[in-house]
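**Q** Have a look at this one before I ask anything.
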Amino acid sequence: MTKTERLLNLVLVLLYTRRALTKAQIRSAVPQYSSAPTVEAFERMFERDKDELRELGIPLMTEDIGLAFDEEPAYQIHQRDYALPDIAFETDELAVLGLASRTWAQASLAGPAAQALRKLQASGVERDRESLIGIEPRLRTVEPAFDAIKDAVVRSVPVRFDYRRPEAAEATAREVEPWSLVSSAGRWYLNAWDRGRQAARVFRLSRIVGEVHPIGKPGSYAVPPDHVPRTMVRAQSAPVPDHAPAIVRVRSGAGVALRRRARSIGEVDDAWSLLDLDYGDVEELADELSGYGPDVIAEQPTELVDAVIARLRGAAAAHEGAAT
Amino acid sequence: MSASRPAPETATDRLTRLLTMVPWLVNRQGIDTASAAAEFGVSVQQLESDLSLIFLCGYGQMPDELIEADWEGGRVFVSNADAIAKPLRLGVDEAVTLIVGLRALRHVSAVAYGGAVDRALAKLEAAVGPQASGADRIAVAMDDAAVQDTLKVLRGALAERRRVHVSYFVPGRDEQTERDVDPIRLVGLDGRWYLEGWCHRAGDTRLFRLDRIVDLTVLEVDGTPPEQAVERDLAGGSFRAGPDDVVVTVRLLPGATWVADYYPVESREDTNDAVTVQLRTADTEWLVRLLRRLGGRGIVLDPPDVASAVRSSALSALAAYDV
């Protein structure tokens, strides 16, 4: 209670004053400082408070005022730097800002998102809650590394973290210059320059293990001006089909997704259809077809048939002990 | 018990709230304490405690230098607070959340809000200044090119409160079903769009993935959802655990460990050469499909009937190949 009171009084004093105040003037204006037992105790307290206010984004300025014999720092908060500029939002604009804020309702940034909206509505205009039809994009931030990486991206701070590749047992230490953060298909990805590998890399945040450590100052590197956040993640998968379609036999009523994308469908008899399917990668198509089990039989090409048989044999063998 | 108790509020957290609360109240003289407390997400008791603190502060300690605050009779009046009559500029996180959120909305529906998204974005970016550049580093890729038409039709149905008929495909069961749905809202969650609505076939609220809606018709029928239709809490994602769920333990070998990242798992245990996970599901059929495609790189440890289903279905498929 006392500390919040002290900080609020300090903010009020420094905002109200027309000219910058010396420490002695501040001490006499803020009652919680006046009661500090010694000058040293006051100065320690004031230094800490000053740093904490700056952490909050309060623009506390230090100015040197030249007195007759010695330079003494003096302090002030300028209203023009402190105050949110007047923005006249219409009620429908505030309504979409409300939706934008709710985007983060289930994320670690829910607090700042709600606070931002309150600030914009402080002037007294209420948002029109009724006019919005229910369309709600939602972002979640379940990855433990999200907050640390987000701070590093926004402030351009190089970081070190341990990263576990999907098929590797051990995590390896990576040192990177974060460029951007992208949410794609519900996952967060970091686009960054990997210092060790001397190349741009994409990291999935869920694979970052443990703490994220800053290893440099904010703004100590430049993000390439032509870097576009979303493309790097997308560029990773690009199928290029340039061969004859696969032929598969599908039991009637089954293989709904295959039928939807088949190039052509022929009815063999009441029980089976024959489908021509375009595909990119034999192994990927074999994965999909194996999923259908006895309802879908691969006919051509041979390597597809072999790949499906290998999966089915593997699945049966892995469950050898199970009753059938 | 003590582990779940939230950390006590810090002085700076409280200061942040007070600096926003004062201008908000100054512009709403006479507002009732309950509404003000709700806006700031605190109890009325906490609000009153905040007001008594504000009441003791000022740019000096003479009575006319102190902030005046009065909340007798449950109505709040705050005055003599000129120094902090405007809120502090938006911080980086505050600016970034709103700008990224607005861009996501614009992506969904640039025209649906009568241009309000673009207008709000322009004003906000101007007011925020250089802080806004942080938002350029955070992007949301809503992968919705394939469902744009479906989104558009459903937006119209929602706006006009009409019932829709959907042909809905469930890949996990390899089946297509026909349903009448009263739309409640469209939700973009984890990069996918869902229609939440009252499903007349299930007699319950359901989430439908837009990319699985094969066919969609807007019906000439009022689509106001019944009273018992409530929005689901989506904090845990689209997945909802049910009382009849089966917990299946699966050992994943190299080549199949992606499953642990891809599906919501109850528990996960990493060893040198494998990952063992527990998956909770109401429908084991999709899991049997998944295990067939993993081709032995995923092994069901429990329950035995799921393991049996994998083996017998794989054997019966192999029979068709004459091998």
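**Q** Out of region A:16-50, which residues are buried (at least 21 other Cβ atoms within 10 Å of the Cβ) and either in a helix (DSSP H, G or I) or basic (Lys, Arg) (or both)?
**A** A:Ile26, A:Ala29, A:Tyr33, A:Asp49
The rows are residues; the columns are (1) within 25 Å of B:Asp82 (Cβ to Cβ); (2) out of contact with any strand residue (DSSP E or B) (no Cβ under 6 Å at 6 or more places or on another chain); (3) of a type in the set (Asp, Glu).
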| site | (1), (2), (3) |
| --- | --- |
| A:Arg19 | yes, yes, no |
| A:Thr22 | yes, no, no |
| A:Ala29 | yes, yes, no |
| A:Phe46 | yes, yes, no |
| A:Gly57 | yes, yes, no |
| A:Arg80 | yes, yes, no |
| A:Ala88 | yes, yes, no |
| A:Ala95 | no, yes, no |
| A:Ala100 | no, yes, no |
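**Q** Determine which member of the set B:Ala139, B:Ala127 is in a strand (DSSP E or B), facing another protein chain (nearest Cβ under 7 Å) and small (Gly, Ala, Ser).
**A** Selected residue: B:Ala139, the only one of B:Ala139, B:Ala127 that is in a strand (DSSP E or B), facing another protein chain (nearest Cβ under 7 Å) and small (Gly, Ala, Ser).
**Q** Another question, then. For region B:260-283, how many residues are farther than 14 Å from B:Asp245 by Cβ, of a type in the set (Val, Ile, Thr) and part of a loop (DSSP other than H, G, I, E, B)?
**A** Total meeting the criteria: 1.
**Q** Something else: Among strands (runs of 3 or more DSSP E) lying entirely in region A:83-194, which contain 1 or more residues that are facing chain B (nearest Cβ under 7 Å)?
**A** A:135-138, A:172-184
**Q** So in region B:170-186, with the set limited to residues that are more than 7 Å from chain A (Cβ to nearest Cβ) and in a helix (DSSP H, G or I), which one is modelled with the lowest pLDDT?
**A** It comes out as B:Gly172.
**Q** Shifting gears a bit: Go through region B:128-141 residue by residue and tally those that are surrounded by fewer than 18 Cβ atoms within 10 Å (Cβ to Cβ) and not small (Gly, Ala, Ser). Steps first, answer last, please.
**A** Narrowing region B:128-141 to residues surrounded by fewer than 18 Cβ atoms within 10 Å (Cβ to Cβ): B:129-130, B:133, B:136.
So of that shortlist, the ones also not small (Gly, Ala, Ser) come out as B:130, B:136.
Qualifying residue count, region B:128-141: 2.
**Q** Shifting gears a bit: Do we have any residue at all in region B:6-22 that's free of Cβ contacts under 8 Å to residues at least 12 places away in the same chain, in contact with an Asp or Glu (Cβ under 6 Å, 6 or more places away or on another chain), under 27 Å from A:Gln32 (Cβ atoms) and facing chain A (nearest Cβ under 7 Å)?
**A** Looking through region B:6-22, at least one residue is free of Cβ contacts under 8 Å to residues at least 12 places away in the same chain, in contact with an Asp or Glu (Cβ under 6 Å, 6 or more places away or on another chain), under 27 Å from A:Gln32 (Cβ atoms) and facing chain A (nearest Cβ under 7 Å).
**Q** Provide a single number: the residues in region B:108-134 that are in contact with an Asp or Glu (Cβ under 8 Å, 6 or more places away or on another chain) and at pLDDT below 80.
**A** Residues in region B:108-134 being in contact with an Asp or Glu (Cβ under 8 Å, 6 or more places away or on another chain) and at pLDDT below 80: 5 in total.
**Q** Here is a further query. Is it true that A:Arg195 is over 22 Å from B:Val117 (Cα atoms), free of Cβ contacts under 8 Å to residues at least 60 places away in the same chain and of a type in the set (Lys, Arg)?
**A** So A:Arg195 passes the test.
Matching residues to (1) part of a helix (DSSP H, G or I); (2) at pLDDT below 90; (3) closer than 28 Å to B:Arg297 by Cα; (4) more than 10 Å from every other protein chain (Cβ to nearest Cβ):
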residue	(1), (2), (3), (4)
A:Pro241	no, yes, yes, yes
A:Gly253	no, yes, no, no
A:Asp269	no, yes, no, yes
A:Leu312	yes, no, yes, no
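**Q** Then there is this: Determine whether B:Arg280 is out of contact with any Leu (no Cβ under 7 Å at 6 or more places or on another chain) and farther than 30 Å from B:Leu301 by Cα. Walk me through it before giving the result.
**A** Working: out of contact with any Leu (no Cβ under 7 Å at 6 or more places or on another chain): yes; farther than 30 Å from B:Leu301 by Cα: no.
Taking the combined requirement at face value, the residue does not satisfy it.
**Q** Across region B:298-323, which residue is modelled with the highest pLDDT among those that are assigned to a loop (DSSP other than H, G, I, E, B) and more than 7 Å from chain A (Cβ to nearest Cβ)?
**A** Among those that are assigned to a loop (DSSP other than H, G, I, E, B) and more than 7 Å from chain A (Cβ to nearest Cβ), it is B:Pro303.
**Q** Of the conditions (1) within 9 Å of another protein chain (Cβ to nearest Cβ); (2) over 26 Å from the mean Cα position of the chain (by Cα); (3) surrounded by 18 or more Cβ atoms within 10 Å (Cβ to Cβ), B:Val76 fails just one. Which one is it?
**A** (1)
**Q** I would also like to ask the following. Assess whether B:Leu47 counts as being at the interface with chain A (Cβ under 7 Å from one of its Cβ atoms) and over 19 Å from A:Leu53 (Cα atoms).
**A** So B:Leu47 fails the test.
**Q** Another question about this same structure. Does region B:147-165 include one or more residues that are within 22 Å of A:Asp81 (Cβ to Cβ), more than 7 Å from chain A (Cβ to nearest Cβ) and surrounded by 14 or more Cβ atoms within 10 Å (Cβ to Cβ)?
**A** No, there is no match, as no residue in region B:147-165 is within 22 Å of A:Asp81 (Cβ to Cβ), more than 7 Å from chain A (Cβ to nearest Cβ) and surrounded by 14 or more Cβ atoms within 10 Å (Cβ to Cβ).
**Q** Kindly indicate whether A:Glu143 is among the charged types (D, E, K, R) and within 15 Å of the chain's Cα centre (by Cα).
**A** Criteria met by A:Glu143.
**Q** Sticking with this structure for a sec: Go over the candidates B:Glu48, B:Glu94 one by one and state the one that is surrounded by fewer than 19 Cβ atoms within 10 Å (Cβ to Cβ) and not in a loop (DSSP other than H, G, I, E, B).
**A** On the way: B:Glu94 fails: surrounded by fewer than 19 Cβ atoms within 10 Å (Cβ to Cβ).
From the options B:Glu48, B:Glu94, the qualifying one is B:Glu48.
The values are calculated or read from the model by the stated rules, or taken from the named source; none is laboratory data. Please read these numbers as outputs of a predicted model, since none were measured by experiment. Note that we place each Cβ from the backbone using ideal geometry, even for glycine, and neighbour counts take in every protein chain shown.
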